[in-house]
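Peer 1: The structure is given below, and queries will be raised subsequently.
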Amino acid sequence: MTELERVPPGVDPSVPSSARVYDYLLGGKDHVAIDRAVAEKLLAAAPDARLVARANRLFLVRAVRHLAEQGVRQFIDIGAGIPTSPSVHEVAREVSPACRVIYVDNDPVVRMHAQVLLADAPGVASVQADLRRPADVLADPHVTGLIDFDQPVVVLLVGVLHFVMDEEDPAGIVAAFRRRMAPGSHVVLSHAMAESDPEAIAQLILATANTPAQSTFRTRAEVMALFAGFDLLEPGLVPVQDWRVPGDEEPIPLLEGRPHMRVEGAVARLRTG
């Protein structure tokens, strides 16, 4: 099978996809030449980008497992990306088979793979939608048919809000989901930081300008503002490789010294009262 045979009709192989670039960094197979070119430019400036991508994925796994262990049974994975094992529903259902999961992404390649993966998975669904239109996500019949917003829900925004430009109001997007959350709900969020290596930031911005993979690197204060209305769980907003690493998990051998690409994440509980 050629790479283009894995891309659904209507996908422009000359335009990079953030989901496919991430898939390449994670060692996947669902990407085309333009995605690899963008990733290689990033790797040239930030040789630890693959390791940071892996750390970001493990952050998601640890956060999902922790919240499932705390009793939350509903998860909405926004900007889910191309399915990677262990997936959110696999991790959550190791804790409780009652967990329900919605995957949301605007990339048709993601939708195609999710449909195949989830064909026989009750309580799990995939939606092709854009997080920039949260009202559409929240009104989608797959979402409303599976998620009970009167009960706690986890909204996962892992490695996705840096693809939302300032003028697209990332804080407003988070707030739209927050307003639908019941007490006991959480948000899991990670973001590329402005404290990353300036050359890495410049290379990525240059390679993705005016494409769907264009990124915004935000300061710690700007990322913290996205958690308005939530209380961060310990240890707060930290590099993803440092968030609640269990003793039996092998540390990711990040490059010595200051990482070229810095991604920080946190888990936060809906503030009530």
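The values are calculated or read from the model by the stated rules, or taken from the named source; none is laboratory data. Being a predicted model, the structure only gives us computed values, none of them experimental. Here Cβ is always computed from backbone atoms with ideal geometry, including for glycine, and neighbour counts include all displayed protein chains.
Peer 1: If you check VAL64 against the conditions, is it of a type outside the set (Gly, Ala, Ser), part of a helix (DSSP H, G or I), within 13 Å of the chain's Cα centre (by Cα) and at negative phi?
Peer 2: The answer is yes for VAL64.
Peer 1: Checking the conditions here, which among LEU138, LEU146 is surrounded by fewer than 21 Cβ atoms within 10 Å (Cβ to Cβ), more than 26 Å from GLU264 (Cα to Cα), under 18 Å from the mean Cα position of the chain (by Cα) and not polar (S, T, N, Q)?
Peer 2: LEU138
Peer 1: Give the residue, chosen from GLN115, GLN151, that is under 24 Å from LEU226 (Cα atoms) and surrounded by fewer than 22 Cβ atoms within 10 Å (Cβ to Cβ).
Peer 2: Only one candidate qualifies: GLN151.
Peer 1: Across region 84-136, what is the total count of residues that are part of a loop (DSSP other than H, G, I, E, B) and among the acidic types (Asp, Glu)?
Peer 2: The number of residues fulfilling the criteria is 3.
One line per residue, one yes/no per condition, for (1) out of contact with any Cys (no Cβ under 9 Å at 6 or more places or on another chain); (2) farther than 24 Å from PRO239 by Cα; (3) in a helix (DSSP H, G or I); (4) in contact (Cβ under 8 Å) with a residue 60 or more places away in the chain:
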site: PHE149; (1), (2), (3), (4): yes, yes, no, no
site: PRO152; (1), (2), (3), (4): yes, yes, no, yes
site: VAL155; (1), (2), (3), (4): yes, no, no, yes
site: GLU167; (1), (2), (3), (4): yes, yes, yes, no
site: VAL174; (1), (2), (3), (4): yes, no, yes, no
site: HIS191; (1), (2), (3), (4): yes, no, no, yes
site: GLU195; (1), (2), (3), (4): yes, no, no, yes
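Peer 1: Quick one: in region 173-215, which of the residues that are more than 30 Å from GLU69 (Cα to Cα) and charged (D, E, K, R) is modelled with the highest pLDDT?
Peer 2: GLU195
Peer 1: Moving to a separate point now. Step by step: first the residues of region 24-42, then only those that are crowded, with 19+ Cβ neighbours inside 10 Å and in a helix (DSSP H, G or I), then the one that is modelled with the lowest pLDDT. Which residue is that?
Peer 2: Only one residue fits best here, namely LEU42.
Peer 1: Determine whether region 62-73 contains at least one residue that is modelled with pLDDT under 95 and either closer than 17 Å to ALA19 by Cβ or in contact with a strand residue (DSSP E or B) (Cβ under 6 Å, 6 or more places away or on another chain) (or both).
Peer 2: no
Peer 1: Next question. Which residue, of LEU206, LEU156, is surrounded by fewer than 24 Cβ atoms within 10 Å (Cβ to Cβ) and not acidic (Asp, Glu)?
Peer 2: Going through LEU206, LEU156 in turn, the sole match is LEU206.
Peer 1: I need every pair where a residue in region 19-46 that is of a type in the set (Lys, Arg) has its Cβ under 6 Å from the Cβ of a residue that is assigned to a helix (DSSP H, G or I), sequence separation at least 6 or different chains.
Peer 2: Pairs found: ARG20/ASP35; ARG36/TYR24; LYS41/GLN203; LYS41/ALA207.
Peer 1: Only one of these is surrounded by fewer than 15 Cβ atoms within 10 Å (Cβ to Cβ), at pLDDT below 80, among the small types (Gly, Ala, Ser) and in a loop (DSSP other than H, G, I, E, B): GLY236, GLY273. Name it.
Peer 2: Answer to the selection: GLY273.
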